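Trainee: Right, I'll just put the structure down here and ask away after.
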Amino acid sequence: MSKLAILGGQPEVKNTSNDIFMRNITKEMEEAVLKVLHEWKMSSTDITIEFERAFADWHGMKYGLGCNTGTAALHCAMFGAGIGVGDEIICQSTTYWASCLPAFSLGATIVFADIDPESLCIDPDDIEHRLSPRTKAIMVVHYAGMPADMDRIIPIAKKHNIKIIEDVSHAHGALYKGKMVGTFGDVSGYSLMSGKAFAIGEAGIMLTNDRDIYERAILFGHYERHSEIQNPELAKFAGLPWGGYKYRMHQMSSAIGLVQVRQFQKDMVEIDRAMNYFWDLLEGYPGIRAHRPPRNSNCTKGGWYCALGRYVSEELEGLSISRFCEALRAEGVGWAHPGANKPLHLHPLFHNVDVYRHGKPTRIVFSDRDVREKIGTLPNAEAMAKKVFAVPWFKHYWPERIQEYANAFKKVIENYKQLLPGDKGDPEELGNWYLSKR
Ligand SMILES: *Cc1c(COP(=O)(O)O)cnc(C)c1O
């Protein structure tokens with residue numbers, strides 16, 4: 001039996017070079033960026049419009065609207081979909097705040113739903129009882145690359161005549177039953193910032209097939225493109241951005257994006273192969289489960305942003321996830337940290353803060369019911385921090401290198417008993433309000 005590195009043994013990962021986690025930066029990409037600089041076109045829109053077309057075509061969608069962040073793209077999507085004062089949107093509590101928080105500035109509020117403990121996406125059984133006559137949309141987050149259960153979510157939205165907005169920031173290129181996520185709802189928003197799988201700088205994009213949503217989104221934060229608006233009822237009031245926002249994409253980002261649209265489709269295949277290889281090596285090991293769609297489901301995780309594993313402490317005699325990850329890090333698996341996004345419904349912003357000085361917490365000022373969730377009401381979201389952990393996010397299919405990481409997992413699991421005596425348990429707080437620290 002080999003000695004664990006945390007107890008003084010040799011680390012299992014011998015080659016800890018970062019290259020296996022790094023993106024392909026091509027000559028073509030460099031040249032595209034320099035061209036924008038030399039032509040001094042950073043604030044123009046011509047390349048952005050080309051990028052939008054390419055990104056929308058890749059998805060088979062009619063309209064794309066480039067934005068300077070994913071948050072802006074989701075804000076435009078919400079306004080485009082008609083979210084306004086007094087409305088409610090349903091969103092899973094386990095997500096990055098931008099999935100839902102822009103609703104506040106539209107005078108709308110958020111009702112949080114629980115996640116399915118295996119997919120980590122919204123639990124379709126936890127939606128319907130949270131609806132009210134004010135509910136206007138379900139925000140579907142394809143969390144950590146996992147496609148949400150659209151076959152069960154779409155009928156709920158249809159039945160109650162509410163919209164579906166997809167947050168695809170974690171799942172670029174992912175397939176749900178063979179169809180790309182981001183194409184199921186009325187409108188979708190993507191973050192394209194540097195930490196994401198489809199990464200082009202600081203940027204976002206909104207996709208829709210609905211001309212009205214597209215034009216309203218342009219009205220909201222893209223005043224320089226108001227000439228595109230055809231609807232006379234909207235065009236009458238064009239010229240100034242209705243939202244008071246300026247959401248134009250930086251063209252160094254759109255230039256990278258144009259290259260990425262082609263390159264990512266290749267990169268994604270390699271990432272998918274590398275990540276599946278890693279999890280296949282660990283199939284059947286107690287204490288851990290892959291976070292990936294079932295085989296032969298025709299679902300994929302695209303570029304595997306925020307690659308997570310699920311942890312089943314009971315199978316390792318209650319070994320804490322913190323101790324488990326600490327042992328992995330000692331073996332050279334620097335990615336291994338417990339938790340992911342903290343459940344939003346527990347943050348005081350959603351309970352007490354009066355953002356706009358209405359004299360009442362913003363969460364409830366726009367609605368005639370108190371939608372604030374108490375602790376304990378979204379059990380899966382609340383328990384998640386001790387049940388998931390970050391795993392290495394391989395960008396390259398280099399089998400020998402990946403084996404070293406898998407061997408580190410195997411060694412820790414096979415020798416977990418050695419970790420029990422020194423286990424101090426988990427700290428009270430695990431996870432983050434963001435994911436970028438990994
Ligand atoms: C990153 C992210 C966003 C916001 O994107 P930015 O480009 O950072 O503004 C929205 N939703 C989710 C789920 C994200 O992870």
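Trainee: Would you say Ala144 is assigned by TED's automatic domain parsing to the domain that holds Gly86, of a type outside the set (Lys, Arg) and over 17 Å from Cys306 (Cα atoms)?
Mentor: Here the answer is no, as Ala144 does not meet what is asked.
Trainee: Taking only pairs six or more apart or across chains, which ones have beta-carbon atoms under 6 Å, a first residue in segment 191-209 that is touching a residue at least 60 places away in the same chain (Cβ under 8 Å), and a second residue that is charged (D, E, K, R) and surrounded by fewer than 24 Cβ atoms within 10 Å (Cβ to Cβ)?
Mentor: Met193/Glu202; Asn209/Lys62
Trainee: Restricting attention to segment 152-190, and to residues there that are basic (Lys, Arg) and in contact (Cβ under 8 Å) with a residue 40 or more places away in the chain, which single residue is surrounded by the fewest Cβ atoms within 10 Å (Cβ to Cβ)?
Mentor: Checked segment 152-190; the qualifying residue surrounded by the fewest Cβ atoms within 10 Å (Cβ to Cβ) is Lys177.
Each row is one residue, and each column tells you yes or no for (1) within 15 Å of the ligand (Cβ to nearest atom); (2) not basic (Lys, Arg).
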| residue | (1), (2) |
| --- | --- |
| Ile162 | no, yes |
| Ala174 | yes, yes |
| Phe184 | no, yes |
| Gly189 | yes, yes |
| Leu192 | yes, yes |
| Ala203 | yes, yes |
| Arg211 | no, no |
| Phe220 | no, yes |
| Glu224 | no, yes |
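Trainee: Same structure, new question: In segment 332-366, which residue that is polar (S, T, N, Q) and surrounded by 19 or more Cβ atoms within 10 Å (Cβ to Cβ) is nearest to Pro133 (Cα to Cα)?
Mentor: Per the stated criteria, the residue is Thr362.
Trainee: Here's something else I'd like to know. Restricting segment 89-107 to residues that are within 18 Å of Pro133 (Cα to Cα) and surrounded by 24 or more Cβ atoms within 10 Å (Cβ to Cβ), which is nearest to the ligand (Cβ to nearest atom)?
Mentor: Cys91
Trainee: Find all pairs meeting these conditions: Cβ atoms under 7 angstrom apart; at least six residues apart or on different chains; first residue within segment 227-239 and in the same structural domain as Glu215 (by TED's automatic domain parsing); second residue surrounded by 13 or more Cβ atoms within 10 Å (Cβ to Cβ) and hydroxyl-bearing (Ser, Thr, Tyr).
Mentor: Hits for this filter: Gly239/Tyr223.
Trainee: If you don't mind, there's one more thing I want to ask. Check whether at least one residue in segment 38-46 is assigned by TED's automatic domain parsing to the domain that holds Ile213 and among the hydrophobic types (A, V, I, L, M, F, W, C), and report yes or no. Please lay out each step first, then the result.
Mentor: Here is the first cut: in segment 38-46, the ones assigned by TED's automatic domain parsing to the domain that holds Ile213 are 38-46.
Still in the list and also among the hydrophobic types (A, V, I, L, M, F, W, C): 40, 42.
Checked segment 38-46: at least one residue is assigned by TED's automatic domain parsing to the domain that holds Ile213 and among the hydrophobic types (A, V, I, L, M, F, W, C).
Trainee: List every residue pair whose Cβ atoms sit under 6 Å apart, with the two residues 6 or more apart in sequence or on different chains, where the first one lies in segment 132-148 and is modelled with pLDDT of 95 or more and of a type in the set (A, V, I, L, M) and the second, anywhere, is part of a helix (DSSP H, G or I) and within 11 Å of the ligand (Cβ to nearest atom).
Mentor: So the pair list comes out as Met139/Ser99; Val141/Ser99.
Trainee: With respect to Ser313, is the statement that it is modelled with pLDDT of 95 or more and either touching a Gly at 6+ places or on another chain (Cβ under 9 Å) or farther than 30 Å from Asn18 by Cα (or both) true?
Mentor: yes
Trainee: Before we move on, is Gly287 within 16 Å of the ligand (Cβ to nearest atom), on the phi > 0 side of the Ramachandran plot, in contact (Cβ under 8 Å) with a residue 60 or more places away in the chain and outside the structural domain of Tyr176 (by TED's automatic domain parsing)? Lay out the reasoning, then the answer.
Mentor: Numbers: within 16 Å of the ligand (Cβ to nearest atom): no; on the phi > 0 side of the Ramachandran plot: yes; in contact (Cβ under 8 Å) with a residue 60 or more places away in the chain: yes; outside the structural domain of Tyr176 (by TED's automatic domain parsing): yes.
Here the answer is no, as Gly287 does not meet what is asked.
Trainee: For Ile229, are the conditions met, namely being modelled with pLDDT of 95 or more, among the β-branched types (Val, Ile, Thr) and more than 21 Å from Glu39 (Cβ to Cβ)? First the steps, then the outcome.
Mentor: On the way: modelled with pLDDT of 95 or more: yes; among the β-branched types (Val, Ile, Thr): yes; more than 21 Å from Glu39 (Cβ to Cβ): yes.
Criteria met by Ile229.
Trainee: I've got another one for you. What is the one condition in (1) surrounded by fewer than 16 Cβ atoms within 10 Å (Cβ to Cβ); (2) part of a loop (DSSP other than H, G, I, E, B); (3) not small (Gly, Ala, Ser) that Arg292 does not satisfy?
Mentor: (1)
Trainee: Taking segment 226-257 as the region of interest, how many residues are in a helix (DSSP H, G or I) and surrounded by fewer than 20 Cβ atoms within 10 Å (Cβ to Cβ)?
Mentor: The first filter runs over segment 226-257 and keeps only residues in a helix (DSSP H, G or I), leaving 226-228, 232-235, 251-257.
Applying the additional criterion that residues be surrounded by fewer than 20 Cβ atoms within 10 Å (Cβ to Cβ) yields 226-228, 232-235.
Summing the residues that are in a helix (DSSP H, G or I) and surrounded by fewer than 20 Cβ atoms within 10 Å (Cβ to Cβ) in segment 226-257 gives 7.
Trainee: Could you run through segment 66-88 and say how many residues are more than 14 Å from the ligand (Cβ to nearest atom) and in contact with a helix residue (DSSP H, G or I) (Cβ under 9 Å, 6 or more places away or on another chain)? Step through it out loud before you land on a result.
Mentor: First, pick out the residues of segment 66-88 that are more than 14 Å from the ligand (Cβ to nearest atom): 79-88.
Next, only the ones that are in contact with a helix residue (DSSP H, G or I) (Cβ under 9 Å, 6 or more places away or on another chain) stay: 79-85, 87-88.
Going through segment 66-88 one residue at a time, the tally reaches 9.
The values are calculated or read from the model by the stated rules, or taken from the named source; none is laboratory data. Here the structure is a predicted model, which is why all the values come from computation and not from measurement. All Cβ positions, even for glycine, are placed from backbone atoms using ideal geometry, and neighbour counts span all protein chains on display.
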